[in-house]
Amino acid sequence: MMDKFSLPESPSRFAFPIANTGYPLIFAAAFATGVLALLQLRAPALLGLAVTFFIAYFFRDPDRVVPVSDGAVISPADGRVVIAGKVDQTLFYDGPCQKVSIFMSVFNVHVNRIPHEGQVDKIVYHPGKFVNASLDKASEDNERNAVFVITDKGQRYCVVQIAGLIARRIICHIQAGDTVHRGRRFGLICFGSRLDVYLPVDAALNVAVGDRVKAGTSIVGYLG
C-alpha cells in the first residue's frame, strides 16, 4: 500500500521559491555587488556575487508534500536530530513528555512548518543567549519562541524556535487563537538554529539521534 501525501499550501509559481524575508537582504547584496562591479573592483564584486547567491540559497523555500496519516507529527524543520526521547521535566510541558530536537546548519532550509493541526493556545517569546544550538542547554538558555498548540482531540504539544550561535532573528507568522494545519509554514529563523518539539509522553517517536529530517515531509512521531 502506497503512502498518501497532500499539498498543505498552493504550490509556488517559481522554480526556485524564496522566503519573503530574504528578498531585502538579496537585493541589498545584489545592489552592493553592482556598485563594486561599476567601480571595476573585480575581486570584491566576485565576492559580493558569491554572497548574493548564498543568501538566495539560504532563504530558499521549496514546496513540500505532507504525509496523510492519522496522528502523524511531521518535522517542523530540515536538519539533524540531536535529541529524541523522554524527558521528565521541561519548561515547555507539564510533567514527563517526549522531546525531539532538530539542529539546522546554515546549509539547511530554514522555513519552519506546523507539526500537527490544532489551535494555538499561546505563544511565549523569551530573550536569551546565543550559544551553539546543537548543545542541550540551548533549549533553556537561548533566545526562543515557544508555540503551544491544542489538537482537535485535546492533546497538547509545543514547538519551540531557538536562536543559535549565528542566528539573531526569530520570525513567527502565527498568533494565539489561530487554527494551524499540519505542514504549513509558520515562521523562519535566520542563519543556523534549532527547533524543539514536545509531545505527550505516550506519543510514539519515529526518529532517533543522528537522523536527517525534512520539514513538512518527515514523520517524527505519532500521537496516541
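Quick check on my filter: what residues within the range 7-42 are exposed (fewer than 12 other Cβ atoms within 10 Å of the Cβ) and touching a strand residue (DSSP E or B) at 6+ places or on another chain (Cβ under 7 Å)? Selection gives 16 alone.
For the range 166-224, a residue qualifies if it is over 20 Å from residue 120 (Cα atoms), assigned to a loop (DSSP other than H, G, I, E, B) and within 11 Å of the chain's Cα centre (by Cα), and the qualifying residues are 190, 192, 214.
Per-residue answers, yes or no, for (1) at pLDDT 75 or above; (2) in the same structural domain as residue 106 (by TED's automatic domain parsing); (3) surrounded by fewer than 18 Cβ atoms within 10 Å (Cβ to Cβ):
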{"position": "133", "(1), (2), (3)": "no, yes, no"}
{"position": "142", "(1), (2), (3)": "yes, yes, no"}
{"position": "147", "(1), (2), (3)": "yes, yes, no"}
{"position": "171", "(1), (2), (3)": "yes, yes, yes"}
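Checked against (1) out of contact with any Phe, Trp or Tyr (no Cβ under 9 Å at 6 or more places or on another chain); (2) buried (at least 21 other Cβ atoms within 10 Å of the Cβ); (3) on the phi > 0 side of the Ramachandran plot, residue 79 passes all but a single condition, namely (1).
Residue under question is residue 95, and the condition is that it be out of contact with any Ser or Thr (no Cβ under 7 Å at 6 or more places or on another chain), on the phi > 0 side of the Ramachandran plot and modelled with pLDDT of 95 or more; does it hold? Against the criterion (out of contact with any Ser or Thr (no Cβ under 7 Å at 6 or more places or on another chain), on the phi > 0 side of the Ramachandran plot and modelled with pLDDT of 95 or more), residue 95 does not qualify. Check the range 59-72 and report whether any residue there is under 22 Å from residue 143 (Cβ atoms), modelled with pLDDT under 95 and surrounded by 14 or more Cβ atoms within 10 Å (Cβ to Cβ). Within the range 59-72 (the criterion being under 22 Å from residue 143 (Cβ atoms), modelled with pLDDT under 95 and surrounded by 14 or more Cβ atoms within 10 Å (Cβ to Cβ)), the answer is yes, since at least one residue qualifies. The single condition among (1) part of a helix (DSSP H, G or I); (2) under 27 Å from the mean Cα position of the chain (by Cα); (3) hydrophobic (A, V, I, L, M, F, W, C) that residue 32 does not satisfy is (2).
Restricting 95, 118 to those that are surrounded by 14 or more Cβ atoms within 10 Å (Cβ to Cβ), over 24 Å from residue 190 (Cα atoms) and assigned by TED's automatic domain parsing to the domain that holds residue 207 reduces the list to 118. Taking first residues from the range 177-188 that are of a type in the set (Asp, Glu) and partners that are surrounded by 16 or more Cβ atoms within 10 Å (Cβ to Cβ), the Cβ contacts under 6 Å between residues at least 6 apart in sequence or on separate chains come to 178/120.
Checking 163, 204, 176 one by one, the residue that is at pLDDT below 90 and of a type in the set (A, V, I, L, M) is 163 and no other. Looking across the range 173-221 at every residue that is within 21 Å of residue 23 (Cα to Cα) and of a type in the set (A, V, I, L, M, F, W, C), the one that is surrounded by the most Cβ atoms within 10 Å (Cβ to Cβ) is identified as 189.
The values are calculated or read from the model by the stated rules, or taken from the named source; none is laboratory data. As the structure is a computational prediction, the values presented were derived from the model and not from experiment. Backbone-built Cβ (ideal geometry, glycine too); neighbour counts: all protein chains shown.
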